[in-house]
Amino acid sequence: MHKNKFSAPQTLKELSKALKTKKENCFIAAGGTDLAVKINKNRIFDYSIIDITKIQELEKIEMINNSIIIGACTTMQSIENSEILKVYAPALVKAASKVGSTQIRNRATIGGNIANASQSADTLTVLMTYNAEVEIINSQGKIVTNKVNDIVKGLEKNLLNQDEVITKIKFKVEDNELSSFSKVGARKAVTISKINCCIKIKINKSNLIEKAEVYFGAIGPKPIKSEIVENVLVGKKFSKEVLSVLLDKSSLQVNEAIPTRASRYYKRIAVKGLVDSILNDLIEQEQSLEGDLYE
Amino acid sequence: MNKKLKYVGKGLIREDSYDKASGKAKYVCDMEKHNMLHARLLLSEKAHAEIKIDKKQALKIPGIVAIYTYDDIPKIAYNSHQWYPGVSALEDEYILNDKARFVGDRIAIVVGETKESVNRALKEIKVEYNELSNVIGIESAEKDEMIIKGNTNLAFSKKLSCGNIDESFKKADFIIEDIGTTQKIHHAAMETHSCLAEKDEIGNIIVWMPCQVVFQEQYIIAKVLEMPYSKVRVIKSIMGGSFGGKGQPILGPICAFAAKELNRPVKLIMDRKDVIQGTRSRNASRIIVKTGITKDGKIVGREITANIDGGAYYTNAAAIALAMGKKSFRLYDIDSQIFTGNTYYTNTIPGGACRGYGSPQIHAVTELNIDNAARKIGMDTCEFRLNNVVSPNAEDPIGAPNLGNARIRECITKGMKRFNWYERKQLINNKNTDRYAYGIGMACATHGNGYHGAFPDFTNVDISILPSNVVWIKVGIHDQGCGTVQTMKQIAAEVLDIDPVSINIPQADTFISPYDSAGSQASRVTFVCGGAVKRAAEQIREKLINNFCKLNGCSKEKVILKDGYIYKENSSEKYTYGQIALETETNLEESLNVNMTYKSPANPAVYAVSFVEVKVDKYTGQVEVKDILEVHDIGQSINPVLVEGQIQGGAQMSIGMALCEEIEINKNGRVKSENFSKYHIINAPDMPEIKMELVEKCEPTGPFGAKSVGELVAVAPAPAILNAINNALDTNITVYPATPERIIEAITNKE
């Protein structure tokens, strides 16, 4: 009978070596919160596991110049508590804080959330809004960089090769950037997104929105970019007054994304709740920014 | 009530708390026996199909010992709802069924040396389903296009009535009609179903399992295995919750069969998916209520039709309809009322007990209708209810037992005061914003205290005082996690004036416990078994005193029992009860023991009122219960901490019923909510703080005035929440649960 193998490389070099023998039913565990459920659900009995969470360099959160670099094995809990991310990528902090339960967040990692590629993944919506990239290592030790958007197929499929593993997540941040995330599920916490949203805006000195990036999650196989909503924001004065048109356009966006699904009747209204919460959060962030300036 | 109570009414700590909190408690899944086999059931994946099972490949898996299907089992039909042979009910289940009648039906059992071999074999069993058209939902059943068994899908129908409904409706100024539906609900006990069975050295079958009625398990197991009752020993194990879900035998008979066939211990465990799909659920219902009222707010007549989804087997088809019906006559004083209950077969999970047994369903709709009636004439909903609720000691209009010391009126008035009802009603709208709407609502509920008046309701108690100074009480109780054992101890302690830690009450075991007529169900345990323990304790107290007098040559009037000591008035010579027990054996040549039978004297009603404030998000449709107050007429609390636990847990279930819990079954009969990521119960972040008030006015027929609380707690919050949502949104949502989607739909339809 097959003997299940478990390996836990401690360096990237060891990881590459381990990847050389990776075949079907050999899984990468980067926390295992989705993997364990899948193995159980699909009744997989004969399998091997490469646990990458012992590779210490994959647990770091760094900022180099304008780039944020997050190790693939950084847990949701670490992201939630990262001082760097709280300042430079508040949407990611928020998304990480809304993933599953406390127990799940203590183990689930950002790399795992990307590779698992669920249509409801919370951090994916944010990472795509930030146009994030991932570093991928293969069995030859070769490292390539790819857009998150390009390796996530959605519906729990990714486009990684059999011998590839995500090692780092990178994205650029700018000054005067605000971002927020919101989701709605069946209940307040420990819930899967029925729809989620991330908005990132850059405000100029005259308080006009210079740039806007908007993504909606869970209304397609993977998060979708919303030019409809972005266009509403760009060039507008940043205030509560953009709200009503923002709400309408968000509904419109949902309608366009899922014109026939039965859930559209609910989601096109529920999206208003997301956008309302996000806008309130952005206004709060901006006020605290101003507060900092005056200090 | 009696202010001199010493143990009753005190929040004493129950003995099992430490083991449960520290993980030391051993549940069936923790138990191991020498040479034990592991087993799992294969459940049907189709709602209605002829089946052909090919087990050849699966049998080749190393470690597999046996795979049984319908072909291998004794063809003895039973009804898992029957708790003793006197309950007449159609017997239409087998330990493994010949056909798939719902997704989750038991079609095979796999037994092997290890859990892994069993799981591998389950995957290798090939089932060929020849699908038949199916019946999903009450409306589909009513059409009788596809008939599941017999000549019609209507499994049971009965009318209950009083007065003259036609005449009464003529007198009504308004007739208010509502149609509401309630969902199938999963019990969500933390411990999944489990069972361990073995044959002992003299051929007895011993079965350990978390269950509610050992004598029911014994009866069904003995029946299907064609064994005498006296050879079947069922031991109630430590239980991680039931809520009715472990009431009907599901695993016991099949596990006992495997152990008997293989002559080795067999442990059968279900996972969460198995439990959600393959056990029992709260019956779904569609209820039509018409209430005739006068302009000045008196209910003159009411007509209720409850159509009930009974699921694939007969089980509780009759009981659930009657339980719903009987409650309708015991909350409001209505001269003319007619209730019709119809239970239908469907190709879905069968119905069974679920905390409240019909009360949650019937009140879920009637209490919304009461609000609508009050609204129709512009009367405050609390005042409207106060106009119509029953009075203490009223007779039941359809001949069921007297209502007893019914204190619903106090519950309402006490609650209104604590909740600040009038003021909040005035001010609630001030909180509204563009996005959020606030509302308040309330609802009333009633439940019973056992089976008296419907089925035999008695229990036997064997109580001894041992020379080791332990009071040993044998009574067939099953602690489901509510603290039943502690409750019994406090009752006995009060009578005997002894510390409850000196009292030992083993739980139900058919070889140890004297016969109990109906088990730990129907809210009968504190009232009936507690009453029995009190009576037994009184009798042994009497015997203790008599023996003391005989041994010490004194008169009864001069004997004092205090803090576990017995002595003559003004004497410094004190004896423990154990010393007297020893003296009794030595000098009187008998045990200090009493065997007795206790018949329940009554079946009073209990009452509850729930008051809530909700905040409704008009964008996301999410509802937050901002405030909730539970007022309970319980007669007398035996242990207020346990009562509080019941009220909080019941509210948690009822909030779930109101907002999110639902076994969702699609048109093919597939269960969509097969695990806890899709079956949503109220979790800690969504759980409000539960405020509570007790009305303790003493029920004379209950032990120290006590009546039931454990089931009623899960009834009133749900309709109170829907009333509050409807108050906030000015809607009339009558479909449970009021999910975000349904709330948004109601708002959209209103606009």
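The values are calculated or read from the model by the stated rules, or taken from the named source; none is laboratory data. Remember, it's a predicted structure, so these values are computed and weren't measured experimentally. We place every Cβ from the backbone using ideal geometry, glycine too, and count neighbours over all the protein chains shown. Accessible surface areas use protein heavy atoms only, side chains included; no ligands, DNA or RNA. Shrake-Rupley method; radii C 1.70, N 1.55, O 1.52, S 1.80 Å.
Okay, here's what the table says:
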| read-out | value |
| --- | --- |
| The stretch B:356-387 versus the stretch B:418-438: alpha-carbon centroid distance in Å | 20 |
| Expected 222 nm ellipticity per residue - DSSP helices of 4 or more, -39500 (n - 2.57), all of chain A, to 500 | -10500 deg cm²/dmol |
| The stretch B:228-313: relative contact order in percent, alpha carbon pairs under 8 Å with at least 6 residues between | 19 |
| Aspartates and glutamates with Cα under 15 Å of residue A:5, excluding same-chain neighbours fewer than 8 positions away | A:24, A:46, A:51 |
| Inter-chain Cβ neighbour average for residues A:260-266, partner chain, 10 Å | 2 |
| Cβ neighbours within 10 Å from other chains - mean over B:145-152 | 0 |
| Heavy-atom accessible area, 1.4 Å probe, ligands and nucleic acids excluded: residues of the stretch A:1-20 down by at least 40 Å² from chain alone | A:1 |
| Value of Rg/Rh across the stretch A:156-295 [Cα atoms, Kirkwood radius] | 1.01 |
| Inter-label distance for residue A:239 and residue B:641, nm, one decimal - labels placed 7 Å from Cα along Cα-to-Cβ | 5.9 |
| Measure of compaction for the stretch B:452-599 (Cα Rg per 2.2 N^0.38 Å) | 1.08 |
| log₁₀ of I(q)/I(0) at q = 0.16, 0.26 Å⁻¹ - the stretch B:175-226, Debye sum with one point per alpha carbon | -0.67, -1.13 |
| Kyte-Doolittle mean at least -1.0, axial Cα span of 24 Å or more - DSSP H helices of chain B | B:359-376, B:530-552, B:640-659 |
| Residue B:264 - accessible surface, heavy atoms, 1.4 Å probe, Å² rounded to 10 | 40 |
| Kirkwood hydrodynamic radius over Cα pairs of chain B, then Stokes diffusion coefficient at 20 °C and 1.002 mPa s, in µm²/s | 79 |
| Restraint check, B:149/B:667; B:184/B:618; A:41/B:56; B:33/B:236, Cα-Cα greater than 22 Å | B:184/B:618; A:41/B:56 |
| Ellipsoid equivalent to the stretch B:359-485 - semi-axes via the Cα gyration tensor, in Å | 42, 21, 14 |
| Kirkwood-Stokes translational diffusion coefficient of chain A, alpha-carbon pairs, 25 °C, 0.890 mPa s, µm²/s | 124 |
| Length-normalised contact order for chain B - Cα pairs under 8 Å, 6+ apart - percent | 16 |
| Over chain B: helical MRE at 222 nm, DSSP H runs n ≥ 4 each giving -39500 (n - 2.57), nearest 500 | -8000 deg cm²/dmol |
| Positive-end extreme of charge dipole, the stretch B:160-220 - chosen from B:180, B:218, B:190 (charges on Cβ) | B:180 |
| Most to least packed among A:189-201, B:190-202 [average Cβ atoms within 10 Å] | A:189-201, B:190-202 |
| Relative frequency of Cα-Cα separations exceeding 48 Å in the protein assembly as shown, percent | 35 |
| Which listed pairs, of A:98/A:222; B:20/B:562; A:23/B:267, have C-alpha distances above 24 Å, in listed order | B:20/B:562; A:23/B:267 |
| For peptides B:253-263, B:31-41, B:557-567, B:424-434, sequence by mean Cβ density within 10 Å, most packed first | B:253-263, B:31-41, B:557-567, B:424-434 |
| Accessible area that becomes buried as B packs against A, both chains, 1.4 Å probe, Å², nearest 100 | 2200 |
| Burial of 20 Å² or greater, the stretch A:165-191 residues [accessible area, probe 1.4 Å, versus chain by itself] | A:184, A:186, A:187, A:188, A:189 |
| The protein assembly as shown - share of DSSP beta bridges that are antiparallel (%, nearest 5) | 80 |
| Computed Kirkwood radius, in angstrom, where 1/r is averaged over Cα pairs of the stretch B:606-728 | 15.7 |
| Packing-based ranking, highest mean first, of B:181-189, A:139-147 given that Cβ atoms within 10 Å are counted | B:181-189, A:139-147 |
| Partner chain coverage, peptide A:268-277 - average Cβ within 10 angstrom | 5 |
| Chain A, relative contact order [Cα under 8 Å, separation at least 6], % | 15 |
| Solvent-accessible area per residue for the protein assembly as shown (1.4 angstrom probe, square angstrom) | 40 |
| Semi-axis lengths, Å, the stretch B:520-628, gyration tensor of Cα atoms, sqrt of 5 times eigenvalues | 52, 18, 12 |
| Top of A:258, A:166, A:110 by mean-square fluctuation, Gaussian network on chain A, Cα under 10 Å | A:258 |
| Apportionment of accessible area to carbon and sulfur, the stretch B:452-599, percent (1.4 Å) | 45 |
| Values of log10 I(q)/I(0), in the order q = 0.17, 0.20, 0.31 Å⁻¹, for the stretch A:20-67 under a Debye, Cα-only, solvent-free model | -0.62, -0.75, -1.19 |
